[in-house]
Structures are given as structure tokens and as C-alpha cells.
Amino acid sequence: MKLTGAQILMEVLKEEGVDSIFGFPGGATIDIHDHLERTDIRHYLVRHEQGAVHAADGFARVTGKVGVALVTSGPGATNAVTGIATAYMDSIPLVIISGQVPTHLIGNDAFQEVDIVGITRPCTKHNYLVPSVEELPRILKEAFHIARSGRPGPVLVDIPKNVQQGTTNFKPKQKVKLKSYNPTYKPNSKQLRKVVDLIMAAKRPVIFAGGGVILSKGAEELTRLARSARIPVTMSLMGLGAFPGSDPLSLGMIGMHGTYRANMSTSECDLLIGIGVRFDDRVTGKTDSFASQAEIVHIDIDPTSIRKNVPVSIPVVGDCKTTLEVINSFLAEEDLDKLTDSRGPWLDQIEQWKQNYKLAYIQEAEIKPQYVVEKLYELTRGDAIITTEVGQNQMWAAQFYHFDRPGYFVTSGGLGTMGFGLPAAIGAQVAFPDALVVDVAGDGSIQMNIQEMATAVQYKLPVKVVILNNCYLGMVRQWQELFYEKRYACTCMDHAPDFVKLAEAFGAVGLRATRPDEVETVLRRGLETPGPVIMDFRVAKEECVYPMVPAGAPITEMLLV
Amino acid sequence: MTEEKHILTMLVDNEPGVLSRIVGLFSGRGFNIESLCVAETIDPHVSRITIVTKANEPLVEQIEKQLRKLINVIKLRDLTGSGSVQREMALICVRAKPENRDEILRIVDIFRCKVVDVGPEYYIIEATGTADKMKALVNLLKPMGIKKIARTGTIALFREPH
């Protein structure tokens, strides 16, 4: 079958089961967009390429499929970089197709030419400049394979215009052969025997679950393990939803803004089982005092994550789900009843920490942002897909919305990308048109990709934006308040647009609440409105996220409400 | 923890951009490169890269893991220690005044080097050997006046089992 490069791309996209693409055309993608229009694949025209990649990312996070973004050369590609880096840090499977100037112009500083393969080398799992149309089918198949396998991540494929136009014989369904890439899925069972012995002997065990559990679809196995061996579970920001947040064994989130009981129990535990985590600095605080009494077991599919930040007694390289299955099968042969007694004092201690220091805030005359999130949780009964921007809004969403299932919390964890939430919500809504998708935003972050409201309106994607509007870049302001003697340098944002009018200008609905008694009404009205809505909650300006561990301090040193 | 020299050798896909991925990994993560050698192997699709780095134990473990994670790195070994043969090469342009010529030639002989170019006031010496030998040679020639020097990094091969 003789096909052009652009047609080959369409064929491979179909083979890979891609039904939605987020993109923005340009001179170097006209051929691809031209063919795309003639397929069943839906193309969502964003308003900025960063939005395209975040939308593909949101789509991938809620479906577990590979998200696809399509951008043009030069500025189209550089605009995509923040989105790519965001996905890279959170191990999200994406394939980013970028147009490139024709091969004979590469290196000539041609119009809209940029070395995007060079630029994205450190923030992609792998990337390709396609040298000829003959190489295109193999490269595209490899790109999807690499993106979704092992520790997932974004893969960029840069396709010069003449490669899109050139023709070659296309053989469908080519097998991927990569001699040097072979991720370890199956864990070493000898290591896991040791883990089981530790679980049975431990008096004060804690499981620390991360995004890897969700990516490997291992949440059920994790829940089985925790419940059968009576091990409390704390989660990283990326891990929220890997274990039911409303389960009595849930300790909530760990780290800089983690719960008191999560941070205390991690510090006091004698066994810490890290699963699909990378012991990020926002989790560990001062590493020397992190879980210093514990044997640390670390399960991850990426060997580089293990022993990168903390010393580990038992490293296990493997897929989280597969590993949890093996541990559970080994545990089934053990006398688990005896754990009921031996775990008693530990679980009592945790319950005491929980009772003494709950996540809290003080109700005052102004709207408290935490109250808005609490009400949102109440009204949606935890059934909404929550995306967030970055900063205080993100932490309050993580703390006060309880996630019982994986794939319902979509947030930029590693890179902390402001402007992520709205396009990610659009991607999630494309994946699940009937789901309630809510972006919990701040007034600062929402302005970073607010242009995507036009995308939401154009495609009738009924995303709801909840702005916790405090007229500040709140998280930085909080640091300034606590550690910079209240010098609020460049964090005051009192010239924001009128978000209600802005919503209307986009053709969406805008609502506002300025008093606590209006919160519920506005939320109800907003959530019931069929199309996209922006809800502007004028919240207390100088509210802080607590608990807070100062950067670099041990995680037991928490500033509390 | 003490930092030690490690000789890492790897087979990589012989493709554009592969060296840049490896060097970028070192610079991006703040790893150290003491020397670097690259050339094609018998298989034209495969190159061998040898990197000498200085790192403590946990760091060198991390460097090796990060390198293995690169899709284009086919195989990697740490060739530090006596299990491998290691060589460097240098071309040294040394000032050769008449009164020093005999001494230089004696050194060339002792170190089993070769004089590959002779001028009225200089020799160019070709030398190969271990890093220690090269250092000793350079130290001996220094007093004569080294005009120019070009050195390779270390290359190494694992000794085949007997």
C-alpha cells in the first residue's frame, strides 16, 4: 500500500486506538491536519499549544490511554514544552507530534524552525526526528510503545514537512523491536518473600503509595494488601485515589502539606513500603530524618527511582500491580489473623493523632477556601473528576476533597505547572463527556491558560471552574508571610479581570459568591448549569495551607492551624 | 562517602543525537565527566562510548541506572579495576633544544613512545598507556617545555575470561 507520511500517521493512530487529538495547525502540519479531517479521529482545536498538551495529558490521566497532541514547528513546538515537561515529571503517556521544516532546510534557521528534539531531550522519555518517510511507520509504533510501557512518559515525534508529503509502502501493524528497551515488569520473588516476612513481623508498618500505583492500575491490589495485612496507607499527591481516602486505614496525603497523622506515622513506623513513588523532596522533607526508624521497601518499575533520594533496605524493580499481586498471593498463605492484635497499639496511636490534629480551618465572616472545597465534595458526593491548578488551590483540593478511586484527581505534581487545570479538565471531559469535571483553580493560575475557555465553549465541554479568588499568588504569598517577614513582593494580583464577565465574554456562564452563605447556592447553580461555568469565589485573602513543613525541615516539624 | 574514578563503557546506537542524550544527562543532572571517548565498533550501527566519571558509590549507581534508562544505550559496564585493560593516547609536541634531545629520546624509549614528527626545535611524540603512565610522562617532559598536547580520554575493554 503506497501512502504519504501524513496518511501513514493516520493509519498508525487508528491502529493505536486514538480517537481524540488535541492540536493547533501551522504551516508544518497542514498536510497532517488535512488528512485528519478525513478520518473519524476527533481533533480539538485549542487556543495555545500548551493547552493541547495539557488536554492530552488530562485525557491520558483519566483513561490510562496514550494522549496525543499535534503541534506545528517552531513556536508551536516550543509552546508545547511546558506541557511535555509536566507529563514527563508525572510519568504520563503522551505522543506529541510536531511538524518540522522540510529536511533540506533543517539547520538553515528556516522560518519557524527550531531544534525541538534538542530542546525536549531532557523532558521526554524519548524523542525522534523522522529522517525519511520510510522510517516513519517504525518510529510511530516505537513512540506509542515507549510512551505507554514501563514507566510511562511523553514521546515526541518531529516530522518534517517533506516526510509528511513523501510516499512509501506501508505495512500495517508492524511489530516493535527495540533491542535496548525492555522494562522489568515481573518482580524478583525472593525479594518479595523478604517483604512479606517484614510485613508479618512489623509492629508499626506504613504503606506509602504514589502515582505508580494508579498508572499500573494497581489500586485494587493495594487496597487488598492494606486491608488484609492491616497496614495504614499514606499517599503522595500523585497517589491520591490509589487507596480510598475515606477508608479508616487511610492516613491521607504525606509531606509538606500532608496530614499530621501521615507525617507522624511515617516518622515513627518500623516498616515503610513505598510503592510507585520517587521520594520527592516535597514528601521527605529532610531526608536524614525521613522514616529514620524504618526498614524501607521500595517498589518501582523505574530502577533510577530507587535509592535516588533515600537509602532503601529492600529494592524491588517491577510493575506495581504485578508486584502487589505476588505479595498478596504470598500473604494469603500467612496467618493474617494474628496481625489483628499486633497492629492494635499502632492503629490506636494513629487514631489518636487523627483525633488530636485534624485538617482544619477557622470559619470567619469571609469565605474560607477550604469551605468551598468541602462543599464541593459534599455536593458532588466525591463523584467529580477534579483537576487543579497549582498552589494553594491544589493543596486545598488535595486535603479537603476525598478521593476514593484512582483517576479522579488530575494535578500537576512533579512540575507544578500553573495553568494545567483548565486544559486538563477539557481533556478529561473529552474522555468522559457525561462526567462532572471540575477545575479547582486560583485566580493566578487560571489566568495562565484561561484562553482554553474558548475551546470548552466551542466543543460544548461543560467543565466547571471553581476559582478560589484571593487576589494573591497565594502559595508564594504564604511563604512570604511565614519565611520572608510578610514582604509580599510581586504576589499581589489585584488587577484580575472580572471573571464573571470574562466567562460571559467566552460564551460561558459566570457566577460569583462573596459571602459564606452564598457558596452552596453558587456551587449548586454552577454544577447544574449544562455548559462550561466559571464560579468566582471571593475567599479570605490571607488564608494559609496547613499543616505546613518548611522546606528542608523534617516532616514532623509541622506548622499547624 | 569518598569519590572514586569509574570507567563506564557502553554500546550505543550509532545515530545522530545519541551522544547529546548522554552528555545532556550528565550536565542536566550535575554528574561529572572526566573524559569521554566515542567511536564506531565493528558493527557500523553501534558505537562504543567510554566515560570516566568521579562519583561516590550511590551516585555512580544512579549514573549507571540513568544511562541504562536511555533508549539508545544497549549495554553498559563499569570497567573500574583490574578486570579490564585501560589505555589513553597522547600526542605531545615538546621543545627539543640540542642539549635536551638525548634526554627526550631516552624518555621516549623508556616509556615506549614514538617520535612521529621531528622539527629543528621540536619533536612530536606519540604515547599510549594507562592514565598513570601518561601523567608520569608529561611530568618528565614538562621541564623541556611542552608546546602543545592533545590527549584522548580513557578507553577500556573487559578482559576475556581465561
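Observations on the model:
- Computed across the stretch A:382-514, the Kirkwood radius stands at 15.3 Å (inverse of mean 1/r, all Cα pairs).
- For the stretch A:310-373, alpha-carbon Rg over 2.2 N^0.38 Å: 1.89
- Centroid-to-centroid separation of the stretch A:434-449 and the stretch A:24-96 [C-alpha atoms, Å]: 19 Å
- Alpha-carbon centroid distance for the pair the stretch A:244-277 / the stretch A:492-561, whole angstrom: 27 Å
- Percent of Cα pairs exceeding the 16 Å cut-off, where the set is the stretch A:500-544: 39 percent
- Cα point-scatterer Debye curve for the stretch A:483-561, base-10 log of I(q)/I(0) at q = 0.15, 0.17, 0.26 Å⁻¹: -0.76, -0.85, -1.21
- Debye log10 I(q)/I(0) at q = 0.20 Å⁻¹ for the stretch A:1-130, Cα point scatterers: -1.20
- Principal axis analysis of the Cα atoms in the stretch B:19-59 yields extents of 33, 18, 16 Å, listed in decreasing size.
- Rounded Å value of the spacing that divides the Cα centres of the stretch B:111-161 and the stretch A:331-374: 69 Å
- For GluC sites (Glu not before Pro), the sites in the stretch A:301-338 that DSSP calls loop and that have at most 14 other Cβ atoms within 10 Å are A:Glu333.
- Interatomic Cα distance distribution for the stretch A:107-183, bins of 10 angstrom, percent: 17, 45, 31, 7
- Average Cα contact separation per residue, chain A, under 8 Å, 6 or more apart, as relative contact order %: 14 percent
- Ordering A:Cys123, A:Cys471, A:Cys320 by the number of other Cβ atoms within 10 Å of each residue's own Cβ, fewest first, gives A:Cys471, A:Cys123, A:Cys320.
- Computed with the Debye formula from one identical point scatterer per Cα of the stretch A:165-289, without solvent, the log10 of I(q)/I(0) at q = 0.14 Å⁻¹ comes to -0.65.
- Percent of beta bridges antiparallel (DSSP, chain A, rounded to nearest 5): 10 percent
- Note: the stretch B:26-124, Cα convex hull, 176 Å³ per residue.
- According to the calculation over all Cα-Cα pairs in the protein assembly as shown, the P(r) per 20 Å bin from zero is 16, 42, 31, 9, 1 %.
- Once the trypsin sites (Lys or Arg not before Pro) in DSSP loops with at most 14 neighbouring Cβ atoms within 10 Å are cut out of chain A, the longest remaining piece is A:218-357.
- With viscosity 0.890 mPa s and temperature 25 °C, the Kirkwood radius over alpha carbon pairs of the stretch A:150-229 converts through Stokes-Einstein to a diffusion coefficient of 139 µm²/s.
- Rounded D (µm²/s) - the stretch A:243-383, Kirkwood Rh over Cα pairs, Stokes-Einstein at 10 °C, 1.306 mPa s: 91 µm²/s
- Taken one residue at a time, the phi angles of the stretch A:501-515 give Karplus couplings (6.51, -1.76, 1.60, θ = phi - 60°) of 5, 4, 4, 5, 4, 6, x, 9, 9, x, 9, 9, 10, 10, 10 Hz. Gly and Pro are set to x.
- Ellipticity estimate at 222 nm from DSSP helix runs (n ≥ 4, -39,500 (n - 2.57)) divided over chain A, nearest 500: -11000 deg cm²/dmol
Readers should treat all values here as calculations from the given coordinates under stated rules, not as data from a laboratory. None of these values were measured; they are calculated from a predicted model. Glycine gets a Cβ as well: all are built from the backbone with ideal geometry, and neighbour counts include every protein chain shown.
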